[in-house]
Amino acid sequence: MLVASAGFILNDSMVKFVSQELPLGQIVFMRGLFACVLIGTVAWVIGALSRPGVLLHPAVLLRATSETFASVFYLAALAHLPIANATAILQALPLMIVAASALFLGEHVGWRRWGAVLVGFCGVLLIVRPGFAGFAIWSLSAIVGVTCMSARDLVTRAIPAEVKTFAAAFASVLMTTFLLGPAMAPFEEWVVPTPGLLALLAGAAVFMMVGFVFIIIAVRTGDMVVVAPFRYSIVIWAICIGYLVWGDVPDWPTLIGIAILISTGIYAFLRERALAARGAS
């Protein structure tokens, strides 16, 4: 999980750095081409694409659509916000999934987890601070992106077991690359990237792949009670990289909001595990 978190934040960092030179649609398209080759190759080797028709399953297509919208909103925010702030807002995802599961899937969520969700969202408010000088429309864009990610994760539960993980991931990458990138092209001025920018985009795709592979390994082979909290190490990575590369230092309200989000996220997860264990016994 530590390696996965490092992979994801290095991917985000490279995308943010490249966004200073290239428009968002071009970044999504070019990074997506590299990612399609990497993920598609792995999916083919492990046999995930032995039945290409599974890519057209309604749940797979809906997941890919959610991923596409999540990419445009979150990457737009990432390009304009300090990387620590954008990454911190992303940590609201587990809490959003808890709330959405109760509201849309009818899952039972007790008052303790609802309390964790509400306190966690207060942490988000401390980070984005609507109505104050620290607020930007890009903070709202990050929240919309995370909301789309929660929809993506909920839809993932409806994907049949015969659709392998890498097949669903490949479908999402394909749609994001060949739908989102060209759709944004008429509204942007694409430029010829330098070899350095191409190397960064290729590196971003590689690190995205590293994050994806290692998080699968962590989830499938590790004890989730031990593994899950380490996903929040991405915030530490983000704060360090933000300071070293861009000189960003989170202020105290942001740090307090981050601490609240992480604490409530871990509590909600541990509470869910405790309830699951009680039900099993």
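Sort through I83, I27 and tell me the only one that's more than 27 Å from K164 (Cβ to Cβ), in contact with a Leu (Cβ under 8 Å, 6 or more places away or on another chain), crowded, with 21+ Cβ neighbours inside 10 Å and β-branched (V, I, T).
After ruling out the rest, the residue left standing is I27.
Take the residues of the stretch 100-123 that are at pLDDT below 90 and closer than 30 Å to N11 by Cα: which is surrounded by the most Cβ atoms within 10 Å (Cβ to Cβ)?
Residue satisfying both the conditions and the ranking: S101.
Go through the stretch 244-262 and give me each residue that's without any contact (Cβ under 8 Å) to a residue 60 or more places away in the chain and in a helix (DSSP H, G or I).
Within the stretch 244-262, L244, W252, L255 qualify.
Scan the stretch 50-74 residue by residue and report those that are crowded, with 18+ Cβ neighbours inside 10 Å and either in contact with a Gly (Cβ under 6 Å, 6 or more places away or on another chain) or assigned to a loop (DSSP other than H, G, I, E, B) (or both).
H57, A70, F73, Y74
Any chance you could count how many residues in the stretch 75-99 are more than 12 Å from I9 (Cα to Cα) and either of a type in the set (S, T, N, Q) or not in a helix (DSSP H, G or I) (or both)?
Number satisfying all stated conditions: 5.
Tell me the helices (runs of 4 or more DSSP H) entirely within the stretch 114-230 that contain at least 1 residues that are within 18 Å of the chain's Cα centre (by Cα) and free of Cβ contacts under 8 Å to residues at least 60 places away in the same chain.
Those helices (runs of 4 or more DSSP H) span 137-156, 195-221.
Give the residue that is surrounded by the most Cβ atoms within 10 Å (Cβ to Cβ), with candidates limited to residues of the stretch 237-281 that are closer than 23 Å to I97 by Cα and of a type in the set (D, E, K, R).
Among them, the one singled out is E272.
Got a number for residues in the stretch 161-216 being farther than 18 Å from V72 by Cβ and among the acidic types (D, E)?
Qualifying residue count, the stretch 161-216: 1.
Find all pairs meeting these conditions: Cβ atoms under 6 angstrom apart; at least six residues apart or on different chains; first residue within the stretch 1-12 and at pLDDT below 95; second residue surrounded by fewer than 19 Cβ atoms within 10 Å (Cβ to Cβ) and among the hydroxyl-bearing types (S, T, Y).
Matching pairs, first to second residue: L2/S233; S5/S233.
So E21 clears everything in (1) touching a residue at least 60 places away in the same chain (Cβ under 8 Å); (2) in a helix (DSSP H, G or I) except one condition, right? Which one?
So E21 meets the others, but not (2).
The values are calculated or read from the model by the stated rules, or taken from the named source; none is laboratory data. All values reported here derive from a predicted model rather than from experimental measurement. Here the Cβ is made from the backbone with ideal geometry for all residues, glycine too, and neighbour counts use every protein chain on show.
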